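Have a look at the structure below, then the notes.
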Amino acid sequence: YRPEGYNVSKTAGYCMIEDGTYFTKEDSSGALYFDTTDDSEDYLFEWRDIKTNALISSLTTGAGGKLKIPYVLPASFALGGNVLTIANDSDPNIILCTLKFVTECSGKYTPIDCDFVNRFGAWQRITFFKASRLSINASGKDYNLMSANLDYNTSVGSYQSLNINGRESIKVNTGLVGENYASAIRELLLSETILLDGQPVNVKTKGLDLPSHENVKQINYSIEFDYAYDLINTLGI
């Protein structure tokens, strides 16, 4: 981002997602990326009970690459999620990153997973839990048809639409989320690579309020996307 004065570049081990509380589906989750390419440290990942802080599982990894770490373990689904902490294995008391992942039931709406490439160049997931609305925009070109006979069939129109195609768009809602989502939403709006439930989309929404904690504790983000393909295949034409 411009306020930082340069593109994101870090040489030590770092998490490619910002600290905060995130909501995931109760039966699946995304994964965070942790970069240790230019580092010689070993790292300790701990998943803890979101309510009691009891240790659920841990993992110690070495340096030398980009690690893919699940947000939530299957054992955490029934517990309402987990808190994931990352620390140097040499000193586990020094926490580098704390991420709280809350699993949420589907309820009356079908959750929609949104995966996008964030400013660190890594995939990040936001799940939209509330109501969604799908719409279609069809287009074509009208042509004036010439009748073969003067005594034409009145049930046949004089105009016909040809080369008809269409695109779909969808409006989705996060539900009430905390202040830290403002950063994730900002990165989503600026991302060039976005998937909704695995389908490529472009952000149609061009402006949103990003309130601070002083203004409002929780907010619902409503975002509209255009699916990035025609409904009738035009590839190769």
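The values are calculated or read from the model by the stated rules, or taken from the named source; none is laboratory data. Computed from a prediction, not measured in an experiment: that's the story for all the values here. All Cβ positions, even for glycine, are placed from backbone atoms using ideal geometry, and neighbour counts span all protein chains on display. Accessible surface is based on the protein model in full, side chains and every heavy atom, while ligands, DNA and RNA are left aside. Shrake-Rupley method; radii C 1.70, N 1.55, O 1.52, S 1.80 Å.
Of note:
- The alpha-carbon positions of the range 112-202 define a convex hull whose volume is 133 Å³ per residue.
- Share of alpha-carbon pairs per 10 Å distance bin for the range 156-237, given as whole %: 15, 37, 24, 13, 8, 3, 0
- On a per residue basis, the range 51-133 carries 50 Å² of accessible surface, using protein heavy atoms and a 1.4 Å probe.
- The range 42-97 - Debye-derived log10 I(q)/I(0), Cα point model, q = 0.29 Å⁻¹: -1.20
- Accessible area of Thr60 in the full protein assembly, 1.4 Å probe (Å², nearest 10): 80
- Among Ser161, Ser106, Ser29, residue whose mean-square fluctuation peaks in a GNM of the chain (springs only between Cα atoms under 10 Å): Ser161
- Unsatisfied cross-links (Cα-Cα over 22 Å) in the set Lys66/Lys171; Lys68/Lys130; Lys25/Lys68; Lys130/Lys171; Lys25/Lys206: Lys66/Lys171; Lys68/Lys130; Lys25/Lys206
- Calculated diffusion of the chain, Stokes-Einstein form, Kirkwood radius summed over Cα pairs, 20 °C and 1.002 mPa s, µm²/s: 103
- Sequence-separation-based contact order of the range 89-237, relative, with Cα cut under 8 Å and 6+ spacing, percent: 25
- GNM result for the chain, Cα springs below 10 Å: residue of Gly62, Gly20, Gly30 fluctuating most strongly: Gly62
- Helix 181-190 vs. the chain, principal-axis angle (Cα, 0 to 90°, nearest 10): 50
- Candidates Asn93, Asn144, Asn118, ranked by Gaussian network fluctuation over the chain, Cα under 10 Å, top entry: Asn144
- Each label point was placed 7 Å from the Cα along the Cα-to-Cβ direction; for Tyr229 and Asn88 their separation is 4.8 nm.
- Of the accessible area of the chain, computed with a 1.4 Å probe over protein heavy atoms only, carbon and sulfur atoms account for 49 percent.
- Each residue of the range 96-145 gets 134 Å³ once the volume of the Cα convex hull is shared out per residue.
- Between Thr98 and Asp27, the distance separating the two model label sites (each 7 Å from Cα on the Cα→Cβ line) works out to 3.3 nm.
- With a Förster radius of 25 Å applied to the beta-carbon distance between Asn180 and Ser40, the computed FRET efficiency rounds to 0.25.
- Over the residues of the chain, the helix contribution to mean residue ellipticity at 222 nm works out to -1000 deg cm²/dmol, using -39500 (n - 2.57) for each DSSP H run of at least 4.
- Semi-axis lengths, Å, the range 30-136, gyration tensor of Cα atoms, sqrt of 5 times eigenvalues: 29, 19, 9
- Virtual spin-label span in nm between Tyr109 and Thr60, 7 Å along Cα→Cβ: 4.4
- Charge dipole (debye, nearest 20) of the range 33-189; +1 at Cβ of Lys and Arg, -1 at Cβ of Asp and Glu: 740
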